[in-house]
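Read through the structure below, which is laid out as structure tokens, and then see the notes.
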Amino acid sequence: KSSGKGRYEAFQPRHHAAQLDRERLQADLEHALDEEQLVLHYQPLVNLGSGRIDGYEALLRWQHPERGLVPPGDFIPLAEASGLIVPLGRWVLREATRQAATWQQSAEPVGIHVSVNVSVRQFLHPDLLHDVADALHRSALPAHLLTLEITESLFASDTSAVTQKLERLKDVGVRLALDDFGTGYSSLSYLRRFPFDILKIDKSFIEDIDVNRQNQAVASAIVTLGQTLGLGLVAEGIETPGELRSLENLGVHLGQGFHLGRPGPAALVCPQPGMRPTDRRNPGSVGAPMR
Ligand code: C2E
Ligand code: MG
Ligand code: MG
Ligand code: MG
């Protein structure tokens, strides 16, 4: 406003163009599922004690015919706004559980779990419980090998309905993780009230944790909190050996990040039958954490 009327008018067409672009992307997204343009990439969650892969987080990618690979940050908000997130999320649940069921047939004696992100609108939709149970049924994946990742933004809505749904998901037997912990509407009382199994420490607190005292203090407080409440802890966004060492020293159970393994298509990142995940030596992909 302070820069005057002329500036405002100059800004309008650009705003309009961005709006048009969003509408076009939105229209394309409606066909993405039918056209089989969606794909899941998988990023390993590594046990920081043993170096073994404990599971994978499924991360949605859109292979757009003209734009190339569109990251979820560019289209998940559109899908949330239009409600398309419900069928998209249903597809993610089916595809990720199907994939995880095939991992169980590999030689790995302990189950490899899969984590699926569930957005707020998808969580609140009446179909969610059915969609989760249906995906488990179709895939025959044991329920405890599926983790649903939910963010704190969920707590902005009616908490009694949310609690009820979380409890019913627990009854189904899936694990519940609180994603991006520390960035949202977190009230610590939620941690007592809601039946979470896992806290994922947001990557903003992991950044430079080996040298940044503030981040060290925050992460260490979250670790103590999680341990006291009996929650599993996952550190997101580990990018350097120094960050990894600090988290090992803090006693964090699981880690995830570019330093441990980037997200990639199932065929590239996941274990082949008869192979232990950590036996793989695939440069640029997944392996035991480098030290
Ligand atoms: P998220 O669930 O917190 O997923 C972690 C994000 O951090 C992923 O971004 C991952 O690629 C990225 N990441 C992993 N390691 C590192 C690292 O070392 N450094 C940095 N800078 N980033 C790292 P991505 O795949 O772009 O996904 C972004 C967000 O989109 C996810 O955040 C999640 O909230 C959402 N999302 C992804 N897939 C789905 C889905 O299937 N359904 C829903 N509802 N949301 C999804
Ligand atoms: Mg996540
Ligand atoms: Mg996260
Ligand atoms: Mg980082």
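The values are calculated or read from the model by the stated rules, or taken from the named source; none is laboratory data. Remember, it's a predicted structure, so these values are computed and weren't measured experimentally. As a convention, Cβ positions derive from the backbone with ideal geometry for all residues, glycine included, and neighbour counts pool all protein chains shown. What goes into the accessible areas is simple: the full protein's heavy atoms, side chains included, and nothing from ligands, DNA or RNA. Shrake-Rupley method; radii C 1.70, N 1.55, O 1.52, S 1.80 Å.
Data overview
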quantity	calculated
Net charge dipole size for the range 52-101 [Lys, Arg +1 and Asp, Glu -1 on Cβ; Debye, nearest 20]	200 debye
Hydrodynamic radius by Kirkwood, which averages 1/r over all alpha carbon pairs of the chain, in angstrom	20.3 Å
Distance histogram for the range 148-221 (every C-alpha pair counted, 10 angstrom bins, percent rounded to whole numbers)	19, 47, 24, 10, 1
Accessible surface, the chain, averaged per residue in Å² (probe 1.4 Å)	49 Å²
Surface share of carbon and sulfur [accessible, 1.4 angstrom probe, percent] for the chain	52 percent
Dipole magnitude (debye, nearest 20) for the chain, charges at Cβ of Lys, Arg, Asp, Glu	360 debye
Peptide ranges 220-227, 154-161 listed from the most packed, as the mean C-beta count within 10 angstrom indicates	220-227, 154-161
Under 28 Å between alpha carbons - lysine pairs in the chain that sit 8 or more apart or on different chains	4
Area accessible to solvent at Glu66, 1.4 Å probe radius, in Å²	150 Å²
